[in-house]
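A short worksheet on the structure shown next.
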Amino acid sequence: MLIYLVYFVVVIVFLLLLHQVVPYKFNTLRTHILIDKIPGPKGIPILGNALQFNVPTEEFIPVLKKIYDDYYPIYKIWFLGVTIVFIGDPDGVEKILSSQQHITKSDDYMILEPWLCKGLLTSTGTKWHERRKLLTPAFHFKILEDYVHVFNKNSRILVNKLSESTPGSTVNIFKYMTTCTLDIICETAMGTSVNAQNGGEAEYVAAVKRMSELFLYRQLRFWVHRPLTFRLCPVYHEQNHVLNILHGFTERIIKERKEEFRSRNANERKNLKSKRISLLDLLVEVAEQTGELTDLDIREEVDTFMFEGHDTTAASLTWTIFLIGLHPHVQEKIEEELEEIFGESDREVKMEDLNAMKYLEQVIKESLRLYPSVPQFGRKLDVDHEIHGYKLPAGTHCIVMPLFMHLNPELYPEPYKFDPDRFTPDKIQGRHPFAYLPFSAGPRNCIGQKFAIMEEKIVLSTVLRSFRIESLEKPEDIKLTGELILRPKDGIRVKLTRKQRNSS
């Protein structure tokens, strides 16, 4: 009898360990029946299709693209018991993204919570609605106009750093764009300069980079998805160390800004409102005047914008420069446009100049079509929903992949061709509103998309007024890593030739 009891205990312990190592979610029979009707590649028990994606990071996108092509416009995979349904066409995507009911992000965003907690990116329900309403004024036209100086200043620093390279040599442009956008987002989100381009706040800058790498590490290894097994992993302790640096830096800035706010009198606070105000200033003001926000509430929103506001823009700037350097005729058209605006002057970009950069904006948009900074995003259905004749039960994770939809020849003829004229006003008007999603769409679209386009226009125009760009690699030779951000695995090498201009 004792031996059977021992066997029973061993089995129970084994199952508990298995449950911790493999985060399998046991779905209802109804869910299995409904999801099994959706086409998709076959999987194996418990692991589902996980082994198909157990590939090097640069092979992850090609594996997904083949499945997309085979099963378009809707298909499913099972990943460790989690139901994942991919929606690949604009009509299906619109039903998910335009809905006020489906605003909960998919579970894979949970790996971001140690850093971002429940900020605007990861929160849902009432909290998300309240935060979105609170933060929207931070991206008002007048406030964005005040950021033009920050964009210009850091773009000039970028040009100076690029000028330090040996004439005729090549540079990894992604590295430079990352530090530039980090400087910009720190100053606009926190109201403080980390001077990343000149090596300032090196510990914080390195921590931001390392945290992104740790997110990727965990995302690609199913055995550390569970909190318990992740705690047994060496990188868990490293992550805690990195988080202490990140949170410590933000908390210090919050404390300083609160002390500054309390030291001002009513007139000084009134005058401050007419000046450039950072996201942090807005949050501190709300916290001090209403008591509705704790220091943690402030920190999670500032950290969210730090994460979202530099990596995505750095990737977009990198891809745009790469494509411009591959297409001399496009570069010439941009130069002609910039010469009409600035002549031979090397003055800073003004707000009114941005509206005149129509062709440059088309170039940025076409670049985001080919290389969307966020290649995929997900929603977790809160209620049943029917798409293409299939009923998707509540709890289903729906994934939208702009990277693949933007390459659909039915939506974009010759989809791999770089053609900025796809985004002339007449072409845009005739296109499905959910066929182009670099900033998502619907109620959870990117709150900072106008900020991003303004920033990119100023950075790119400053660089292109100073340098002639030549890309040294072909698109087919670049290895893509498409996790949180669509990155070039080994960076992007470009050759920069300094232009000679007369100042005025």
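Surrounded by fewer than 18 Cβ atoms within 10 Å (Cβ to Cβ) and touching a residue at least 12 places away in the same chain (Cβ under 8 Å), is that true of GLN100? When the stated conditions are applied, GLN100 passes them. Does the stretch 474-486 contain at least one residue that is over 22 Å from PHE377 (Cβ atoms), without any contact (Cβ under 8 Å) to a residue 12 or more places away in the chain and not in a loop (DSSP other than H, G, I, E, B)? Yes: the stretch 474-486 contains one or more residues that are over 22 Å from PHE377 (Cβ atoms), without any contact (Cβ under 8 Å) to a residue 12 or more places away in the chain and not in a loop (DSSP other than H, G, I, E, B). Could you give every pair whose Cβ atoms fall below 8 Å, whose first residue belongs to the stretch 118-129 and is under 14 Å from GLU301 (Cα atoms), and whose second residue is among the polar types (S, T, N, Q), counting only separations of at least 6 or pairs across chains? Here the result reads GLY119/THR304; LEU120/THR304; LEU121/THR304; THR122/THR304; THR124/THR104, each pair linking the stretch 118-129 to a residue that is among the polar types (S, T, N, Q).
Just a yes or no: is a residue in the stretch 88-111 under 28 Å from PHE215 (Cα atoms), assigned to a loop (DSSP other than H, G, I, E, B) and among the hydrophobic types (A, V, I, L, M, F, W, C)? Within the stretch 88-111, one or more residues are under 28 Å from PHE215 (Cα atoms), assigned to a loop (DSSP other than H, G, I, E, B) and among the hydrophobic types (A, V, I, L, M, F, W, C). Confirm whether TYR436 is touching a residue at least 24 places away in the same chain (Cβ under 8 Å), among the aromatic types (Phe, Trp, Tyr) and surrounded by fewer than 18 Cβ atoms within 10 Å (Cβ to Cβ). Against the criterion (touching a residue at least 24 places away in the same chain (Cβ under 8 Å), among the aromatic types (Phe, Trp, Tyr) and surrounded by fewer than 18 Cβ atoms within 10 Å (Cβ to Cβ)), TYR436 does not qualify. Any residue in the stretch 124-138 that is among the aliphatic types (A, V, I, L, M), in a helix (DSSP H, G or I) and surrounded by 19 or more Cβ atoms within 10 Å (Cβ to Cβ)? The answer is yes; a qualifying residue exists. Somewhere in the stretch 306-317, is a residue of a type in the set (Gly, Ala, Ser) and in contact with a Gly (Cβ under 9 Å, 6 or more places away or on another chain)? Yes: one or more hits. Candidates in the stretch 33-65 are the residues that are in a loop (DSSP other than H, G, I, E, B) and within 26 Å of the chain's Cα centre (by Cα); of these, the one that is surrounded by the fewest Cβ atoms within 10 Å (Cβ to Cβ) is PRO56. Could you say which residue among TYR412, TYR416 is part of a loop (DSSP other than H, G, I, E, B) and either crowded, with 17+ Cβ neighbours inside 10 Å or at pLDDT below 95 (or both)? Only one candidate passes the filter, namely TYR412. Set side by side, the residues ARG444, ARG468, ARG422 differ, and just one is among the charged types (D, E, K, R) and within 17 Å of the chain's Cα centre (by Cα), which is ARG444. So which residues in the stretch 420-430 are surrounded by fewer than 18 Cβ atoms within 10 Å (Cβ to Cβ) and either in a loop (DSSP other than H, G, I, E, B) or of a type in the set (D, E, K, R) (or both)? Once the filter is applied, which keeps residues that are surrounded by fewer than 18 Cβ atoms within 10 Å (Cβ to Cβ) and either in a loop (DSSP other than H, G, I, E, B) or of a type in the set (D, E, K, R) (or both), the stretch 420-430 yields ASP421, THR424, ASP426, LYS427, GLY430.
Within this structure, LYS450 fails the test of being more than 14 Å from ILE321 (Cα to Cα) and without any contact (Cβ under 8 Å) to a residue 40 or more places away in the chain.
Among the residues making up the stretch 164-205, those that are free of Cβ contacts under 8 Å to residues at least 40 places away in the same chain, over 18 Å from the mean Cα position of the chain (by Cα) and closer than 27 Å to GLU260 by Cβ are SER193, VAL194, ASN195, ALA196, GLY199, GLY200, ALA202. Taking the stretch 139-174 as the range and being in a loop (DSSP other than H, G, I, E, B) and either in contact with a Pro (Cβ under 7 Å, 6 or more places away or on another chain) or aliphatic (A, V, I, L, M) (or both) as the test, no residue passes. PHE451 fulfils the conditions (1) surrounded by fewer than 22 Cβ atoms within 10 Å (Cβ to Cβ); (2) assigned to a helix (DSSP H, G or I) except for a single criterion, (1).
Residue count for the stretch 112-123 satisfying the condition of being in a loop (DSSP other than H, G, I, E, B) and under 21 Å from THR313 (Cα atoms): 4. One residue stands out among those in the stretch 196-225 that are part of a helix (DSSP H, G or I) and acidic (Asp, Glu): the one that is nearest to LEU51 (Cα to Cα), which is GLU213. Within the set ASP183, ASP146, the sole residue that is touching a helix residue (DSSP H, G or I) at 6+ places or on another chain (Cβ under 7 Å) and either at pLDDT 90 or above or charged (D, E, K, R) (or both) turns out to be ASP183.
For GLY92, state whether it is within 26 Å of THR294 (Cα to Cα) and in contact (Cβ under 8 Å) with a residue 24 or more places away in the chain. In short, no. So is MET177 part of a helix (DSSP H, G or I), modelled with pLDDT of 90 or more and not aromatic (Phe, Trp, Tyr) or not? Yes; evaluated as a whole, the condition is true for this residue.
Would you check if there is a residue in the stretch 252-260 being more than 24 Å from ALA287 (Cα to Cα), crowded, with 17+ Cβ neighbours inside 10 Å and out of contact with any Asp or Glu (no Cβ under 9 Å at 6 or more places or on another chain)? Checked against the condition, which is being more than 24 Å from ALA287 (Cα to Cα), crowded, with 17+ Cβ neighbours inside 10 Å and out of contact with any Asp or Glu (no Cβ under 9 Å at 6 or more places or on another chain), the stretch 252-260 yields no hits at all.
The values are calculated or read from the model by the stated rules, or taken from the named source; none is laboratory data. This structure is a prediction, so every number in the text was calculated from the model and none was measured. Positions of Cβ are backbone-derived with ideal geometry, glycine not excepted, and every protein chain shown enters the neighbour counts.
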